[in-house]
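Reviewing the structure listed below.
Derivation of every value follows stated rules applied to the coordinates shown; laboratory data play no part. It should be emphasised that the depicted structure is a prediction, and the values quoted were computed from it without experimental measurement. Backbone-built Cβ (ideal geometry, glycine too); neighbour counts: all protein chains shown.
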Amino acid sequence: MQKIPKWFIGEFFGTFLLVFFGCGSVCAAVLTGAQVGVFQVAIVWGLGIATAIYLTGALSGAHLNPAVTLSMAVWSDFPKSRVAAYFGAQLLGAFAGAAVLYFIFGDALSTFEKANGIVRGTPGSEASAMVFGEFFPNPGGHPLTSEAGVRLSLVSAFGAEVIGTAILLLVIFCVTDERNKARPQVLTAATIGLTVTLLISLLGPLTMACFNPARDFAPRVFSSVAGWGAVPFAVNGHGWLTVYILAPLLGGLLGGAFYRAFFKPSYAT
């Protein structure tokens with residue numbers, strides 16, 4: 001029997017943990033009222049990401065995000081031949097994380113839907129589907145109305161995800177550059193996690209703060225097959241693709257470009 005590559009173990013379990021802790025905090029907040037305010041959700045996300053990085057960094061580099069993998073392949077020496085395989089491991093890990101959360105929170109989810117008159121798979125059920133995939137503006141556990149689009153347009157949502165992911169990748173490149181004498185070293189994972197916490201605190205009320213196509217797409221697909229049907233892919237039109245997949249990938253490339261153009265040369269002098 002062929003040994004499972006350590007990079008696959010790292011990316012699968014790391015992304016699993018990211019979704020388990022991150023989406024788990026959303027499940028607890030929406031379905032049980034456990035978290036109070038966006039910051040409490042954001043800090044669980046950040047700590048979960050830091051934990052996943054500490055556990056898997058030595059195995060795979062702890063990308064745990066297609067936007068990170070793509071940017072690393074373009075702007076660093078990460079082998080381009082491994083990009084698709086990393087994407088696959090990340091998507092599988094995120095899907096497994098969503099499935100485990102569904103098993104754990106299944107009863108709470110049904111109770112929440114019953115109490116709020118939500119029929120899974122019908123218009124308005126994004127109020128419960130949001131514990132898996134993401135929607136804009138943030139539903140906050142309520143059905144999105146026609147007036148919701150006034151609060152956040154597709155263009156604004158796209159821009160928020162591009163900028164947020166660009167900042168995240170800029171931080172990742174800078175704190176992992178050995179020539180950066182101020183890099184946090186043993187606190188690298190914590191710094192990345194806290195950056196995610198800051199970004200979610202700012203942008204979570206708008207787009208739910210994705211910055212990671214695997215984190216959104218795999219749980220979104222899971223929710224579709226778990227009873228929500230077309231709802232996860234219909235509520236924001238093609239926004240599921242442009243805002244939550246293309247925008248993070250573009251943002252990651254931009255963040256890497258800023259690092260390569262401005263920070264990397266400065267660290268070398």
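Which count do you get for residues in the stretch 134-165 that are touching a Cys at 6+ places or on another chain (Cβ under 9 Å) and farther than 19 Å from LEU253 by Cα? Break it down stepwise before answering.
Residues of the stretch 134-165 that are touching a Cys at 6+ places or on another chain (Cβ under 9 Å), as a first pass: 134, 161, 164-165.
Retained after the next criterion (residues that are farther than 19 Å from LEU253 by Cα): 134.
Summing the residues that are touching a Cys at 6+ places or on another chain (Cβ under 9 Å) and farther than 19 Å from LEU253 by Cα in the stretch 134-165 gives 1.
Which condition from (1) part of a helix (DSSP H, G or I); (2) surrounded by 22 or more Cβ atoms within 10 Å (Cβ to Cβ) is the one that PHE211 breaks?
Of (1) part of a helix (DSSP H, G or I); (2) surrounded by 22 or more Cβ atoms within 10 Å (Cβ to Cβ), only one is false for PHE211: (1).
Residue by residue through the stretch 251-269, note down the ones that are within 14 Å of LEU170 (Cβ to Cβ), among the hydrophobic types (A, V, I, L, M, F, W, C) and either touching a Cys at 6+ places or on another chain (Cβ under 9 Å) or in contact (Cβ under 8 Å) with a residue 12 or more places away in the chain (or both).
Here is the first cut: in the stretch 251-269, the ones within 14 Å of LEU170 (Cβ to Cβ) are 251-264, 266-267.
The next check asks that each one be among the hydrophobic types (A, V, I, L, M, F, W, C); those that pass are 253-254, 257-258, 261-263.
Hits for the stretch 251-269 are LEU253, LEU254, ALA257, PHE258, PHE263.
What are the residues in the stretch 40-57 that are surrounded by fewer than 18 Cβ atoms within 10 Å (Cβ to Cβ) and without any contact (Cβ under 8 Å) to a residue 24 or more places away in the chain, if any?
GLN40
Would you check if there is a residue in the stretch 176-191 being acidic (Asp, Glu), over 16 Å from the mean Cα position of the chain (by Cα), over 26 Å from THR51 (Cα atoms) and not in a helix (DSSP H, G or I)?
No, the stretch 176-191 has no match at all.
Kindly list the number of the only condition in (1) surrounded by fewer than 17 Cβ atoms within 10 Å (Cβ to Cβ); (2) within 20 Å of THR165 (Cβ to Cβ); (3) charged (D, E, K, R) that fails for GLU134.
(1)
Looking at (1) more than 28 Å from THR191 (Cβ to Cβ); (2) assigned to a loop (DSSP other than H, G, I, E, B); (3) of a type outside the set (Val, Ile, Thr), find the lone condition where ALA62 falls short.
Answer for ALA62: the failing condition is (1).
Tally up the residues in the stretch 59-80 that are in contact (Cβ under 8 Å) with a residue 12 or more places away in the chain and of a type in the set (D, E, K, R), please.
So the answer is 0.
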